[in-house]
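Shown next, in structure tokens, is the structure this report addresses.
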């Protein structure tokens with residue numbers, strides 16, 4: 001299935017609470033889990049790691065690993081949970097991931113990536129995708145990128161999601177790797193020209209529907225990262241504008257109030273509502289009343305307060321024309 005828009009897997013951010021919140025904003029945009037390693041899936045609490053709310057569909061599980069057998073076993077274990085797709089992480093530049101010999105450093109070994117993808121595809125009939133960088137230290141040219149994609153595509157990987165920056169594995173932090181290496185969108189466009197039958201998506205500093213539309217003129221999809229967390233409501237019209245949905249665009253008021261029963265369920269299980277509230281803080285980004293809204297939801301005293309009262313108090317300082325507007329175009 002073609003997914004013109006997706007929200008990137010982001011460690012500590014795209015957990016099940018964030019994904020449920022995003023489903024109040026968009027029903028169609030493809031969501032991803034945080035990266036889950038093969039070791040965690042094979043030996044950890046699978047229900048905790050792999051379980052998710054049915055509303056989160058469509059949802060892709062991103063797997064971190066470099067061993068074909070372990071990756072295949074992880075996919076087979078996840079099949080019982082009903083994921084729509086599986087993705088292999090070949091883009092994360094963190095030291096922890098490098099020490100595990102997976103993530104972006106796998107770009108140095110495209111044949112291993114091909115074996116992993118082949119093993120994952122043997123374990124499922126669902127799409128298997130690869131999220132990767134345009135290059136890494138020592139393999140930074142377009143030719144290196146094309147060689148990587150050529151070798152991995154021989155496995156019939158279903159999509160390539162390309163972060164349009166090189167990952168500098170020696171000397172830059174993960175945060176710096178999101179900003180310091182220059183964006184090279186032209187390399188991703190060229191990749192699509194050279195491999196026209198492959199599904200190629202782009203990732204990297206995409207923060208508006210206008211930018212998404214521009215990329216879709218040349219590519220098969222656009223993946224949104226931090227912008228979907230910091231300012232999630234910009235995707236409120238995506239279902240209508242990019243998927244052709246006729247469902248009403250949700251207002252911010254409707255989204256906030258729709259979260260009340262969910263947060264009540266979380267607190268009923270003995271967990272702090274702040275586990276959910278932290279993902280809701282960007283709902284009113286750039287709007288009047290946003291600072292007060294964030295302050296109310298961030299107050300430690302919310303643990304003892306009624307959930308409905310807290311959320312209604314948080315939005316009470318936001319003007320009605322902002323609360324009830326349907327989409328950024330009002």
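None of the figures in this text is laboratory data; all of them are computed from the coordinates on show. It should be emphasised that the depicted structure is a prediction, and the values quoted were computed from it without experimental measurement. Cβ coordinates were reconstructed from backbone atoms using ideal geometry, including for glycine residues, and neighbour counts include every protein chain displayed.
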Tell me, what is the percent relative contact order of segment 209-304, built from C-alpha pairs under 8 Å that lie six or more residues apart? 26
Per the helix-only model, the chain has a calculated mean residue ellipticity at 222 nm (DSSP H runs of ≥4, -39500 (n - 2.57) each, divided over all residues, rounded to the nearest 500) of -11500 deg cm²/dmol
Please state the relative contact order of segment 5-243 as a whole percent: Cα pairs under 8 Å, 6+ residues apart? 18
With springs connecting C-alpha atoms under 10 Å apart, model the chain as a Gaussian network and identify which of 279, 48, 17 has the largest mean-square fluctuation. 48
Taking a cut-off of 18 Å, what percent of all Cα-Cα pairs in segment 113-223 are separated by more than that? 50
Fraction of the pair-distance distribution of segment 252-323 above 14 Å, Cα-Cα pairs, percent: 53
Largest first and in whole Å, what are the equivalent-ellipsoid semi-axes of segment 1-151 based on the Cα gyration tensor, each being the root of 5 times an eigenvalue? 25, 17, 15
Considering the chain as a Gaussian network with a 10 Å cut-off on Cα pairs, which listed residue, 222, 167, 290, attains the greatest mean-square fluctuation? 290
Mind pulling up the Rg/Rh value for segment 98-169? Radius of gyration and Kirkwood radius, both on Cα. 0.96
I need the peptides 256-262, 168-174, 21-27 ranked by packing, meaning the mean over residues of other C-beta atoms within 10 angstrom, with the highest value on top. 21-27, 256-262, 168-174
